[in-house]
Each structure stands twice: as structure tokens, then as C-alpha cells.
Amino acid sequence: MFDDVVQFIQNIYKTKGFIPLHEPLFIGNEKKYLNECIDSTFVSSVGKFVAQFEEKIADYVGSKFAVATCNGTSALHIALLLANVSKDDEVITQSLTFVASTNAISYCGAQPIFIDVDKDTMGLSPKALQDFLEANTTIQNQQCINSTTGRIIKACVPMHTFGHPCRIDQIKDICDKYHICLVEDAAESLGSLHNRLHTGTFGKMGVMSFNGNKIITAGGGGCIITNDEGLAKRAKHLTTTAKVPHMWKLVHDMVGYNYRMPNLNAALLVAQLENLDSFVIKKRELASIYSDFFNKTACNFIKESKNNRSNYWLNGIILQDKKQRDVFLDETNSKDIMTRPIWAMMNKLPMFERAQCDDLGNSEWLEQRVVNIPSSIIEL
Ligand SMILES: *Cc1c(COP(=O)(O)O)cnc(C)c1O
């Protein structure tokens, strides 16, 4: 049924062998900087590459500060702690996301609330958010109280799915109105812009990931970006075991975390960042080739929406229904072409199944139909 798709993907990747979903690409100064790092012996949490990386990524996204961490999940955890999320608070996020966004809420002892996404962006729907808050909350002492549970809704974590920006400016306005701290999960959207501004810079804090499958990688890594100097300093402190800076004293002034990014990983990232612009261009070229092809088929290729520039981190298509989706997944994977469905909705996972939700109609619709197709950069 999908022989034409199989053939097309084998053609663009020039192989009938295994085609992964997303491979990293090391074509720049990676080995040079790694060698420098090893020769210096500063391979761990102290070294020049960490500071260099923080400066360069902040500069790239147009944010005042960046704090590097050992992965994106730990960056989310710290960002939520700095948003004052604590035990028995509530945090709004989308049901259709990678589990890390929700796990980080649980690490703080807080409860997630799952709100629907928009069908076109696959990110948190401002309309659904507004409707939920209007119907279910009151404002008391500049805090948003959930009328059903009596708990405080402290933060909101929208996510830019597969690199496609959600309607983040509208979400920001709603969060401001309801006194909710906006923490953007921009783990998938480095290089993606909304109204010409970088995703991750709309919220009080934004979070990025540099896991092996992301657009640039450090093996593992993450960062928090913010324009707030106080938050940046506290993020650094919390992620570095809350050690009080001193020439020789070993004093920690609170329970901190060892969430530092090692210098080795930062060395890799400084090199990867040098190629990010060309990666985004090549990914967008690949997306446009896919788009032209799928235009002539019954599958719907997912494109960036108005006022957005997507990094097209993972390309996606929408099949007609669940049955057709499963046929697609079976046929492509049995031909060694790696494809996979979008995540299972968070409210269906055993640890989150009691969470409060809205109707989640679009999430349900997308969950049954969306499939990711190979998205590694190719030399065209
Ligand atoms: C990758 C990712 C993260 C962070 O993942 P790490 O593997 O911890 O770096 C968080 N949220 C989303 C949506 C992601 O895709």
C-alpha cells in the first residue's frame, strides 16, 4: 500500500539498508575541541567550554543568560523549582508531549493538568487553555486557584512539538493574565522561530535538550535560557550542588543537584553550534522535498504554520485513521525504514491517569494518526 513511500525514502537516503529516524551529524570541529578538552584534563564539570557554550547559545537564541545542564529533563526540573513549583501545586502542560515534560512536574511533587493541543501546531492550544482557566479557576492574592482541587496552578509548560512552534505569544498573554509562570519546553525546537523570535525566549524560562536524537547533540545535555539574571544565578547554584563560591571552603547552603554539564559534552556542543544554521537550512530542504512528494499522495505532510519558521527536527505525516497508520508503520519498519507513532497521551500512562484533563479531542485525533518519518540531514 505504501510502496511508493518506501521507494521514495530509500531513494533520498540512497540505501535499501536500515534508515534511522534521526542520526547525529559530526562534520565540524568536534574532534578538535574534544582533543583540546582531553589534553587540558578538564573533562568534567570545570572548564572553558561550558562557559563558552553558555555564552554562544544565549547569543544564538537572543536571550541574556543560559545555564548548561546534564540533560533537558534536569533543566525542566530546575526551571520548575525556580518557578516556585512545590509539593501539591499544579502545573498545566499538554497531554501530547514527551514524558520528560510531565516527569519534571512530578519531581517537584506537583500534579499535572493536561490541556488539549491545536491540530495544526500540535502544541498547547491557547483557546483550550483560556477555556479551562475561565471555567475552572479563580484569582486570589495574585494566585490562580483551581476551583476543583483548591490547589495553586503555579506554572504552564507548553511544548513546540517536533520543532513546530506553538502559539506561544497568545499562551504568554493568558499566563500573564492568570499569574501563571510560563516555562517553555523548547527541547525540540532549537532553530525554530515564532514571529521572528526564538522559541524558548517567550517564557520566564525556556528549556533545551541536546540528547543524541536532537538537532544538535552533546551525547546528553540541556540548558535553561532566561533574561532574568537572578533566575540564571539561582539555576547555576541549584545545578552545581548549591556550593557557595569560595577559594577553598566546601559549604553548600541548600539541597542542590548535581546537574552540571561536563566540559567534554560542552566541547562537542560548541562545535555543533557552529553548524546549526546549516543544519536548519538542510532540514528545511528535506522537509520541502517530503512536502512536494506527499502532496501527490493521500498522506498529509505536517508543515509549519503561519508566522512560524520550524527547524523541522522530526518530519511527520498524518494518516487517515489508526488502521491506516498501523499499516504504514508495519510496512515501513519491515522494510528497515524507521518510522514511529507520536507519543501515547500522558493521561493514558499509569502514573498520570488520575490527572485533571480537558476534553483532549485534538490530542486524541493526532495520537491515532501522526507518524514520524526519517529526518536525518542528508547531503542533497
Ligand atoms: C528531548 C526532550 C526533553 C528532554 O530530554 P533529555 O533526554 O532529558 O535531554 C524534554 N522534553 C521534550 C519534549 C523532549 O523532546
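Counting only Cα atoms, region 30-273 measures 60, 42, 27 Å along its principal axes, largest extent leading.
Excluding residues on the same chain fewer than 8 positions from K14, give the aspartates and glutamates whose Cα lies under 19 Å from its Cα. Output for K14: D3, D4, E23, E285, D292, E331, D336, E379.
3J(HN,Hα) along region 41-50, derived from phi through the Karplus expression 6.51 cos²θ - 1.76 cosθ + 1.60 where θ = phi - 60°, amounts to 6, 7, 9, 9, 7, 10, x, 6, 5, 4 Hz, with x in place of Gly and Pro. The 3J(HN,Hα) values that the Karplus relation (6.51, -1.76, 1.60; θ = phi - 60°) gives for region 251-261 are, in residue order, 10, 10, 9, 6, 6, x, 10, 9, 10, 5, 8 Hz. Gly and Pro appear as x. Taking θ as phi - 60° and the Karplus parameters 6.51, -1.76 and 1.60, the scalar couplings of region 275-282 work out to 9, 4, 4, 5, 4, 5, 4, 5 Hz in sequence order, x denoting glycine and proline.
Exceedance of the 23 Å cut-off in Cα-Cα distance is limited, within the set K236/K283; K48/K283; K322/K348; K56/K303, to K236/K283; K48/K283; K56/K303. Put simply, the convex hull of the Cα atoms in region 130-271 casts, on average, a shadow of 11.2 nm².
Throughout, read-outs are computed from the coordinates displayed, never taken from laboratory work. Quick caveat: nothing in here was measured; it's all calculated off a predicted structure.
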